[in-house]
Amino acid sequence: MRLQGERMRRLMRAALGVGLLCGLSGCRHKTQIAPLPVVQTPVELLDIPPMENPPMLEAQTDRLPPEPIAAAAAKPKRERKKNTAKPGPPATTPPAPVQTASAEPSPEVAAIGSLTAGGEANPQTKQEAADVIASIEKRLTALPAQTLDDQKAQINKVKNFLRDAQEALKSGDDEGAMTLATKAKLLLDDIEK
């Protein structure tokens, strides 16, 4: 009897396994969707009359910010270090001021660049500097008003370089005047792009 009960259990386990296997394997045939019937009667197409006065789209009048230029990215902004005084014993006599050579040039010198000390100069350099200054002045006056409004900061830089170049030319520093005029010309080229 025990042998027969064990066979029965094995048979039940096998039947249960086959049943689970068939149930989990799912259906193998595709479900077919009935095709839609073919329309054999012609359909009338409607004619839509065009509008007599179609609405016109207006141009945008909003002023967009100016596009960033490469000249603005060339000058990274520098952070200034704050002087922190350490508390200590009070000094009886004030220390004498000591001047040290700064490794970092002032912002004006960094913006302008190093100038020459003047001295003997080529008359050709003086004429070239004067010609470049004159051409920049003509180009500045020919700029449209929209560009003048949009690029106000850059145009002010050009005018500052131009003024410094004229002063350098008057003082006899032809090389410095040429350098400043060239910088003004390059900035103006960026503005006109």
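Counting only residues that are of a type in the set (D, E, K, R) and either surrounded by 14 or more Cβ atoms within 10 Å (Cβ to Cβ) or touching a helix residue (DSSP H, G or I) at 6+ places or on another chain (Cβ under 9 Å) (or both), how many does segment 132-162 have?
Residues in segment 132-162 being of a type in the set (D, E, K, R) and either surrounded by 14 or more Cβ atoms within 10 Å (Cβ to Cβ) or touching a helix residue (DSSP H, G or I) at 6+ places or on another chain (Cβ under 9 Å) (or both): 5 in total.
Exactly one of (1) among the small types (Gly, Ala, Ser); (2) modelled with pLDDT under 90; (3) assigned to a helix (DSSP H, G or I) is unmet by ALA165. Its number?
Result: ALA165 passes all but (2).
Run down ALA129, ALA111, ALA96, ALA134 and say which single residue is modelled with pLDDT under 60, on the phi < 0 side of the Ramachandran plot and in a helix (DSSP H, G or I).
Matching residue, one of ALA129, ALA111, ALA96, ALA134: ALA111.
I need a count of the residues in segment 168-190 that are of a type in the set (Asp, Glu), buried (at least 21 other Cβ atoms within 10 Å of the Cβ) and assigned to a helix (DSSP H, G or I). Reasoning before the result, please.
In the first step, residues of segment 168-190 are kept if they are of a type in the set (Asp, Glu); the result is 173-175, 189-190.
Retained after the next criterion (residues that are buried (at least 21 other Cβ atoms within 10 Å of the Cβ)): 173-174.
Checking which are assigned to a helix (DSSP H, G or I) leaves us with 174.
Matching residues across segment 168-190 total 1.
Please tell me if PRO123 is farther than 21 Å from ASP190 by Cβ and exposed (fewer than 13 other Cβ atoms within 10 Å of the Cβ).
Working: farther than 21 Å from ASP190 by Cβ: yes; exposed (fewer than 13 other Cβ atoms within 10 Å of the Cβ): yes.
Considered against the rule, which asks whether it is farther than 21 Å from ASP190 by Cβ and exposed (fewer than 13 other Cβ atoms within 10 Å of the Cβ), PRO123 comes out as yes.
The values are calculated or read from the model by the stated rules, or taken from the named source; none is laboratory data. Please read all numbers here as calculations on a predicted model, not as lab measurements. Cβ: placed from backbone, ideal geometry, glycine included. Neighbour counts: every protein chain shown.
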